[in-house]
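The values are calculated or read from the model by the stated rules, or taken from the named source; none is laboratory data. No experiment lies behind these values; they were computed from the predicted model shown. Neighbour counts run over all protein chains shown; Cβ positions are idealised from the backbone, glycine included.
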Amino acid sequence: MAKDTLTVKDNRTGKTYEISIEDGAIRSMDLRQIKTSEDDFGLLGYDPAFSNTASCRSAVTYIDGEKGILRYRGYPIEQLAEKSTYLETAYLIVKGELPNQEHLEAWMHNVTMHTMLHEKVKNFMAGFNYDAHPMGMLVSTVAAMSTFYPDAKNINDVESRRVQVRRLIGKIPTLAAYAYRYSLGLPYVPPDNDLSYTGNFLGMLFKMTELKYKPKPALERALDVLFILHADHEQNCSANAMRVVGSSQTDPYSATAAAAAALYGPLHGGANEAAIKMLNKIGSADKIPAFIKGVKAGEERLMGFGHRVYKNYDPRATIIKKIADEVFEETGKNPLIDIAVELERIALEDDYFVSRKLYPNVDFYSGIIYQAMGFPVTMFPVLFAIPRTSGWLAQWAENVFDEEQRIARPRQIYIGEDSRDYTAIKKRPVPQTLERKLLMGRL
Ligand code: SDX
């Protein structure tokens, strides 16, 4: 019977080592026994951007990149998108099981009771310029929330964690809506607890002088499904940020702010904003070949395409593309969809993309829908952050109670200067700073 071990021969010393294989992985710490001498630190694993490093054991989300499979707690995303709601999915992601009717109602009540913000949060909003990016406002105000709830530092207290989870899932849409209303110079709309989670969010965004905001059911449902699709995605960049920052035992608001900051980047949750800007820049289908030429020359990036894990079609993109038709029936067609569909068709016939297994990801079509629903482009990453908050919190909590986890502190391979002595300033040459070396192409 073959053993679940790796036999490694260190040719530097002729020694061999047996290293256990568990769940398709070896423990990097087992490499440290491989030394050339007693005072040798031992072998490290080198993995920039963690392309082949499992940082944790997680039961939250399963992805099969080759087969295009995505499941939250074992439930296929296609079934949840068709049959569930975002709040029910958030319960599943955070608590590990689908709720029964009684628990779902209690959960919805508990989250709804936490939709209001402390009045002082408005002072934070007022400190931003009128044209401040709402994602920058969200990151800042989520971090500021930690000052309103000092009890959140009790991260090992289950009840405290439960309260913070409800507060963050309940309040993040209100923060997002405040940022949006502030950017338009409109008065804030308080939460309407008679509405659904998504309906209330739409009301806080778009209610004007009417006494009672009534969300359009088709748009309310479409946004709820988009929230389901964006709720978690295993160890993506922002989930990793949540775990790493949370590993120092800081409070969940500060960790969520770090995760939102990671999501903000154009290679991650900011890609939906970048994809719309890309489609607008292309302008019309006849200009796609020239754009593709620029991508292949490395001058452009096809935003909304490619994925570290999916080497097949992102299953979320498939569902989002279907939602577009439903939304357009209500809002009228967004002309960018024709450019996007043609861009996808051309790209998927081009060996540059096929050979690199670059397919549309979650961000390729979502922005087109958001724009049709009336959201400004700057709000797109915020619309990603709202549902992802439940995923971040599930990943954070899993990290808190994982006994194998400690404070995250990677090692490095030092490539800098050897020891050198301090010199008097009069004896120093023109400093060959890193910026100079970069500018002179010597880095
Ligand atoms: C999200 O991780 C997650 O799960 C994230 C996410 C989630 O739900 O949390 O799924 C959400 O962030 C989706 C991704 C959104 N980002 C974008 O759409 C931005 C555009 N895509 C890329 O920049 C890129 O594809 C990444 C960042 C998504 C993945 O990058 P990788 O895995 O580091 O791949 P890479 O950059 O090393 O690319 C491999 C090759 C390179 O070419 P060569 O150097 O081999 O010649 O593919 C090329 C890249 O140049 N490439 C692209 C491309 N993506 C990769 N070329 C053109 N356009 C692209 N979009």
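Against the conditions (1) surrounded by 19 or more Cβ atoms within 10 Å (Cβ to Cβ); (2) in a helix (DSSP H, G or I), where does Leu117 fall short? Just the number, please.
It fails just one condition, (2).
Could you say whether any residue in region 236-248 is surrounded by 18 or more Cβ atoms within 10 Å (Cβ to Cβ), among the charged types (D, E, K, R) and more than 15 Å from the ligand (Cβ to nearest atom)?
Within region 236-248, none of the residues are surrounded by 18 or more Cβ atoms within 10 Å (Cβ to Cβ), among the charged types (D, E, K, R) and more than 15 Å from the ligand (Cβ to nearest atom).
Can you tell me which residue among Gln371, Gln405, Gln412, Gln395 is over 30 Å from Met204 (Cα atoms), of a type in the set (S, T, N, Q) and either surrounded by 10 or more Cβ atoms within 10 Å (Cβ to Cβ) or in contact with a helix residue (DSSP H, G or I) (Cβ under 8 Å, 6 or more places away or on another chain) (or both)?
Details: Gln371 fails: over 30 Å from Met204 (Cα atoms); Gln412 fails: either surrounded by 10 or more Cβ atoms within 10 Å (Cβ to Cβ) or in contact with a helix residue (DSSP H, G or I) (Cβ under 8 Å, 6 or more places away or on another chain) (or both); Gln395 fails: over 30 Å from Met204 (Cα atoms).
Answer to the check: Gln405.
Pull out all pairs, ordered by first then second residue, where Cβ-Cβ is under 7 Å, the residues are six or more apart or on different chains, the first lies in region 240-252 and is of a type in the set (Ser, Thr, Tyr), and the second is crowded, with 22+ Cβ neighbours inside 10 Å and not in a helix (DSSP H, G or I).
So the pair list comes out empty.
Has region 203-212 got at least one residue that is within 24 Å of Ala261 (Cβ to Cβ) and in the same structural domain as Leu87 (by TED's automatic domain parsing)?
Yes - at least one qualifying residue is present in region 203-212.
I want to confirm something. Restricting to region 296-344 and keeping residues that are among the acidic types (Asp, Glu) and free of Cβ contacts under 8 Å to residues at least 40 places away in the same chain, which single residue is farthest from the ligand (Cβ to nearest atom)?
Asp325
Only residues that are aliphatic (A, V, I, L, M) and within 15 Å of the ligand (Cβ to nearest atom): list them for region 345-376, please.
Answer for region 345-376, where residues must be aliphatic (A, V, I, L, M) and within 15 Å of the ligand (Cβ to nearest atom): Ile346, Ala347, Leu348, Val354, Leu358, Val362, Ile368.
How about region 184-218: which of its residues are touching a residue at least 60 places away in the same chain (Cβ under 8 Å) and either outside any helix (DSSP H, G or I) or in contact with a Cys (Cβ under 8 Å, 6 or more places away or on another chain) (or both)?
Of everything in region 184-218, those that are touching a residue at least 60 places away in the same chain (Cβ under 8 Å) and either outside any helix (DSSP H, G or I) or in contact with a Cys (Cβ under 8 Å, 6 or more places away or on another chain) (or both) turn out to be Tyr188, Pro190, Pro191, Asn193, Ser196, Lys216.
When you scan region 298-308, do you find a residue that is in contact with a Lys or Arg (Cβ under 9 Å, 6 or more places away or on another chain) and part of a helix (DSSP H, G or I), even just one?
no
Return the residue satisfying two criteria in turn: it lies in region 281-331 and is farther than 19 Å from Asn361 by Cβ and polar (S, T, N, Q), and of such residues it is surrounded by the most Cβ atoms within 10 Å (Cβ to Cβ).
Thr331
When the residues of region 348-374 are narrowed to those that are part of a loop (DSSP other than H, G, I, E, B) and touching a residue at least 12 places away in the same chain (Cβ under 8 Å), which ends up farthest from the chain's Cα centre (by Cα)?
So, considering only residues that are part of a loop (DSSP other than H, G, I, E, B) and touching a residue at least 12 places away in the same chain (Cβ under 8 Å), the one farthest from the chain's Cα centre (by Cα) is Asp350.
Of everything in region 219-240, what is of a type in the set (D, E, K, R) and outside any helix (DSSP H, G or I)? Give them in sequence order.
Asp232, Glu234
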